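Asker: Could you have a look at this structure, given as C-alpha cells, before my questions?
The values are calculated or read from the model by the stated rules, or taken from the named source; none is laboratory data. These numbers were taken from a predicted model, which means no experiment stands behind them. Don't worry about glycine lacking a Cβ; one is built from the backbone with ideal geometry, like all the others, and counts go over all protein chains shown.
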Amino acid sequence: PFDPDYDKEDYIMSIFPEGFLWGGATAANQCEGAWQADGKGLSTVDVIPYGPDRMPVARGKLRMLAPDDVHSYPAHEAIDMYHRYKEDIALFAEMGFKCYRLSIAWTRILPHGDDDTPNEAGLAFYEQVIDECLRHGIQPLVTICHFDTPIDLIKKYGGWKDRRMIDAYLKFCTAIFTRFAGKVKYWLTFNEINMLLHMPFMGAGILFEEGENETEVKYRAAHYEIVASAKAVQLAHKLMPDCMVGCMLAAGQYYPFTCAPEDVYAAMEADRDNYFFIDAQARGSYPVWAWKRMERAGIRLDCTEEDLAEMRRGTVDFISFSYYSSRCTSADPATVEKYKKPGNAAIMSLKNPHLQASEWGWQIDPIGLRVTMNTLYDRYQKPLFIVENGLGAVDKVEPDGSIHDPYRVDYLRAHIREMGKAIAEDGLPVLGYTMWGPIDIVSASSGEMKKRYGFIYVDKDNDGNGTLERRRKDSFYWYKKVIATNGADL
Ligand code: BGP
C-alpha cells in the first residue's frame, strides 16, 4: 500500500529516541457511546447537537441543557468503544502502539460532577480499559477533562464561570488518581485549554447571560481552569510520585500574511491569545503583557495571592499539544475579509495561499509542525508530546472490502518527517506522538462520522447506520511498519 519505488537506501538509523511513545489518541465522548449507561451523568458534549446548531451551542450562543433538549443522534453512540474496547485495543497492539491517549469522562466517575462518592461502575470501566492497555504493553496517557464539563455543574455553578469548579475538578482528580496510581504514568489536565476562548461552552461549560462582558467571563474561567490545573499537578505528584503531568494546547504557529511589520505584530499577538494559557501552566505565572491586555479590556480576574502561589507550585512536567495546521493572520481588514476562511473553524485563520487543504478546509503544513515545536520548546524549555495530529477525510470501502488511503499516509509521513527533523536536527526532547483518531470516531467540530481519521475503518455513517464492524485500512499496515522501525522506515 505504500510507495513500491521506495528506495530502501533511504533507510536511516532511527532518529527517534529509544522508547519513543508511538500511538494514537481518542476522547471519551467521541468513541465510547453508552452516553447514559451505568450511572453516567450528562456533560456538555452530550447536549451539543449534530448539524447547524452544533457550533452556536459549542460557542455558548444557544442553550441546550435539559435532557429533553437532547434528541439522541448518531454521535451519542459514537463507535460503542464502551463495549468494544478490548477488540480496539488489540488492533492498536497489532500496530505496535507504545501509548494510547484516552480521556476519562468526568460524569462516568462523578455523575453530578461533584458527588462525594464516585460511581464504581465508571471507575471499573476505565480500570478495565487501562488494564487492557497494560496487558498489551501500551502506556495509557489520560486526559482528565476533554470537552465534557458536567451539566449539573453548569446548572449549579454556571460551569467554569465559578471558582467552585476547582474543588469539583479536584474531587474528580482525587477519585481517578487514587484508583489508577501506579497504572497511569502520563496525565493531561485539560484538553486544548485554549479552546475555551473559541468554544466556551464545549471547552468550559460557559453560557453567556444578557449584558455579560463575554471576554471577562472567558478569562475568569480560564484563570479557574489554570488554578485547577496547578492544583491537580501537585495532587498528582503527591498521590503518584513517578507520574508526569502535561498541559495541552491546540497549537499551530500564526504566520503573518505578509512581511509588513503590522502583519508580523498581528501574528505575534494572535499566538499570544493561545500561549497565554501555557505560559501560566508551564511557567507558573501570567506574562506582563497579559495583565496589560486585561487592564485595557477592563477585565478583572478573580485572582488571589494564594492562586498565584498555587500556579507557581503547580507547573507542568511537559508540553503536549494538538497540531493540524499552521495559522495565518493580517492587520489589514481588507486582507482578512478576502482570505478569511469560510465555515465554522473554531480558531480564526486566513487561507494561506501557499498551502493545500483537506475536504474540510483544514490546510496542510508539515513544516509548520517543526516551526510550532521549536517555538514551544524555545518558550518553555520542557519536553514536548504531540498528542493529536491527523487528517480527516472521506474514505471509500472498495468492493473487496479494502480501503486505500494514500492521502492519509502522505499527510502523516510528511508530519512525522518534520517531527523527526525537530528531534534529530533541532535536538528537541519529544516524549511521543499519538496521532489523532487511530480508529474512525466522531468529529468534534462537525459531529460527523464521515470525517474519518483512522487507520481502522468503522462501518457507521452520519445517520448512525452500519454494523460498527472494524476494518484495517492500508494506512494500518504502514503505521505498523513505522512503529516497528521506530520511525526509520516511513
Ligand atoms: C481537536 C480535539 C479532538 C478532535 C480534533 C479533530 O480540537 O481535541 O477532540 O476532535 O480536534 O477535530 P475534528 O474532530 O473536529 O475533526
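Asker: Which of the residues that make up the range 215-258 are assigned to a helix (DSSP H, G or I), free of Cβ contacts under 8 Å to residues at least 60 places away in the same chain and among the charged types (D, E, K, R)?
Answerer: 218, 238
Asker: If I filter the range 196-212 for residues that are within 14 Å of the ligand (Cβ to nearest atom) and part of a loop (DSSP other than H, G, I, E, B), do I get at least one hit?
Answerer: Yes.
Asker: Tell me yes or no: at least one residue of the range 407-417 is in contact (Cβ under 8 Å) with a residue 12 or more places away in the chain, under 25 Å from residue 249 (Cβ atoms), aromatic (Phe, Trp, Tyr) and assigned to a loop (DSSP other than H, G, I, E, B).
Answerer: Just the residues of the range 407-417 that are in contact (Cβ under 8 Å) with a residue 12 or more places away in the chain, to begin with: 407-409, 411-417.
Restricting the remaining residues to those that are under 25 Å from residue 249 (Cβ atoms) gives 408, 411-417.
Subsequent filtering for residues that are aromatic (Phe, Trp, Tyr) retains 411.
Going one step further and asking which of them are assigned to a loop (DSSP other than H, G, I, E, B), we end up with none.
Checked the range 407-417: no residue is in contact (Cβ under 8 Å) with a residue 12 or more places away in the chain, under 25 Å from residue 249 (Cβ atoms), aromatic (Phe, Trp, Tyr) and assigned to a loop (DSSP other than H, G, I, E, B).
Asker: Do you know which of the residues in the range 437-490 that are more than 22 Å from the chain's Cα centre (by Cα) and basic (Lys, Arg) is farthest from residue 55 (Cα to Cα)?
Answerer: 481
Asker: Kindly indicate the residue of the range 13-32 that is in contact with a helix residue (DSSP H, G or I) (Cβ under 6 Å, 6 or more places away or on another chain) and within 25 Å of residue 109 (Cβ to Cβ) and also farthest from the ligand (Cβ to nearest atom) among those meeting that condition.
Answerer: Among residues in the range 13-32 that are in contact with a helix residue (DSSP H, G or I) (Cβ under 6 Å, 6 or more places away or on another chain) and within 25 Å of residue 109 (Cβ to Cβ), the one farthest from the ligand (Cβ to nearest atom) is 32.
Asker: Right, another one. Between a first residue in the range 385-406 that is free of Cβ contacts under 8 Å to residues at least 60 places away in the same chain and more than 16 Å from residue 438 (Cβ to Cβ) and a second residue that is more than 16 Å from the ligand (Cβ to nearest atom) and of a type in the set (A, V, I, L, M), which pairs have beta carbons less than 9 Å apart while being 6 or more apart in sequence or on different chains?
Answerer: Going by the 9 Å Cβ cut-off, the qualifying pairs are 396/403.
Here's the yes/no breakdown for (1) more than 16 Å from the ligand (Cβ to nearest atom); (2) touching a helix residue (DSSP H, G or I) at 6+ places or on another chain (Cβ under 6 Å); (3) more than 19 Å from residue 486 (Cα to Cα):
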| position | (1), (2), (3) |
| --- | --- |
| 369 | no, yes, yes |
| 379 | yes, no, yes |
| 407 | no, no, yes |
| 411 | no, no, no |
| 437 | no, no, yes |
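Asker: Let me ask something else. Going by what's in this entry, would residue 442 be described as in contact (Cβ under 8 Å) with a residue 60 or more places away in the chain, part of a loop (DSSP other than H, G, I, E, B) and buried (at least 22 other Cβ atoms within 10 Å of the Cβ)?
Answerer: yes
Asker: Tally time: how many residues in the range 116-131 are among the β-branched types (Val, Ile, Thr) and either surrounded by 21 or more Cβ atoms within 10 Å (Cβ to Cβ) or closer than 14 Å to residue 28 by Cβ (or both)?
Answerer: Counting residues in the range 116-131 that are among the β-branched types (Val, Ile, Thr) and either surrounded by 21 or more Cβ atoms within 10 Å (Cβ to Cβ) or closer than 14 Å to residue 28 by Cβ (or both) gives 2.
Asker: Do we find a residue being closer than 19 Å to residue 439 by Cα, assigned to a loop (DSSP other than H, G, I, E, B), modelled with pLDDT of 95 or more and of a type in the set (Lys, Arg) anywhere in the range 92-115?
Answerer: Looking for residues that are closer than 19 Å to residue 439 by Cα, assigned to a loop (DSSP other than H, G, I, E, B), modelled with pLDDT of 95 or more and of a type in the set (Lys, Arg), one finds at least one in the range 92-115, hence yes.
Asker: May I pose another question? Output the residue which, of all residues in the range 312-341 that are within 16 Å of the ligand (Cβ to nearest atom) and more than 23 Å from residue 246 (Cα to Cα), is modelled with the highest pLDDT.
Answerer: The extreme case among them is 327.
Asker: Conditions: (1) within 16 Å of the ligand (Cβ to nearest atom); (2) under 16 Å from residue 106 (Cβ atoms); (3) modelled with pLDDT of 95 or more. Residue 141 meets all but one. Number of the miss?
Answerer: Tallying (1) within 16 Å of the ligand (Cβ to nearest atom); (2) under 16 Å from residue 106 (Cβ atoms); (3) modelled with pLDDT of 95 or more, residue 141 fails exactly one: (2).
Asker: Residues that are buried (at least 19 other Cβ atoms within 10 Å of the Cβ), within 16 Å of the ligand (Cβ to nearest atom) and closer than 30 Å to residue 244 by Cβ: does the range 349-356 have at least one?
Answerer: No, there is no match, as no residue in the range 349-356 is buried (at least 19 other Cβ atoms within 10 Å of the Cβ), within 16 Å of the ligand (Cβ to nearest atom) and closer than 30 Å to residue 244 by Cβ.
Asker: Could you tell me whether residue 398 is part of a loop (DSSP other than H, G, I, E, B) and within 13 Å of the ligand (Cβ to nearest atom)?
Answerer: no
Asker: Also, I was wondering about something else. So residue 453 passes all but one of these: (1) crowded, with 18+ Cβ neighbours inside 10 Å; (2) modelled with pLDDT under 95. Which condition number does it fail?
Answerer: Condition (2) is where residue 453 drops out.
Asker: Inspect the range 192-206 for any residue being modelled with pLDDT of 95 or more and closer than 28 Å to residue 91 by Cβ and give the result as yes or no.
Answerer: Scanning the range 192-206 turns up at least one residue that is modelled with pLDDT of 95 or more and closer than 28 Å to residue 91 by Cβ.
Asker: Taking the options 345, 357, 309, 290, name whichever one is at pLDDT below 95 and over 30 Å from residue 425 (Cβ atoms).
Answerer: Residue meeting the stated conditions: 345.
Yes or no, residue by residue, for (1) β-branched (Val, Ile, Thr); (2) buried (at least 17 other Cβ atoms within 10 Å of the Cβ):
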residue	(1), (2)
302	no, no
308	no, no
311	no, yes
316	yes, yes
320	no, yes
330	no, yes
334	no, no
339	no, yes
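Asker: Which condition number in (1) under 27 Å from residue 213 (Cβ atoms); (2) assigned to a helix (DSSP H, G or I) is the one that residue 299 fails?
Answerer: Tallying (1) under 27 Å from residue 213 (Cβ atoms); (2) assigned to a helix (DSSP H, G or I), residue 299 fails exactly one: (2).
Asker: Something else now. Does any residue of the range 152-166 turn out to be part of a helix (DSSP H, G or I) and over 23 Å from residue 301 (Cα atoms)?
Answerer: Within the range 152-166, one or more residues are part of a helix (DSSP H, G or I) and over 23 Å from residue 301 (Cα atoms).
Asker: Can you pull out every residue in the range 178-195 that is in a loop (DSSP other than H, G, I, E, B), under 20 Å from residue 43 (Cβ atoms) and among the β-branched types (Val, Ile, Thr)?
Answerer: 193
Asker: Next question. Does residue 387 satisfy being out of contact with any His (no Cβ under 9 Å at 6 or more places or on another chain), among the aliphatic types (A, V, I, L, M) and within 16 Å of the ligand (Cβ to nearest atom)? Break it down stepwise before answering.
Answerer: Numbers: out of contact with any His (no Cβ under 9 Å at 6 or more places or on another chain): yes; among the aliphatic types (A, V, I, L, M): yes; within 16 Å of the ligand (Cβ to nearest atom): yes.
In short, yes.
Asker: What residue, of 421, 473, 480, 460, is modelled with pLDDT of 95 or more, farther than 22 Å from residue 26 by Cα and of a type outside the set (Phe, Trp, Tyr)? Please lay out each step first, then the result.
Answerer: Details: 473 fails: farther than 22 Å from residue 26 by Cα; 480 fails: farther than 22 Å from residue 26 by Cα; 460 fails: farther than 22 Å from residue 26 by Cα.
Testing whether each residue is modelled with pLDDT of 95 or more, farther than 22 Å from residue 26 by Cα and of a type outside the set (Phe, Trp, Tyr) leaves just 421.
Asker: Only residues that are touching a residue at least 40 places away in the same chain (Cβ under 8 Å) and outside any helix (DSSP H, G or I): list them for the range 259-275, please.
Answerer: Passing the criteria: only 260.
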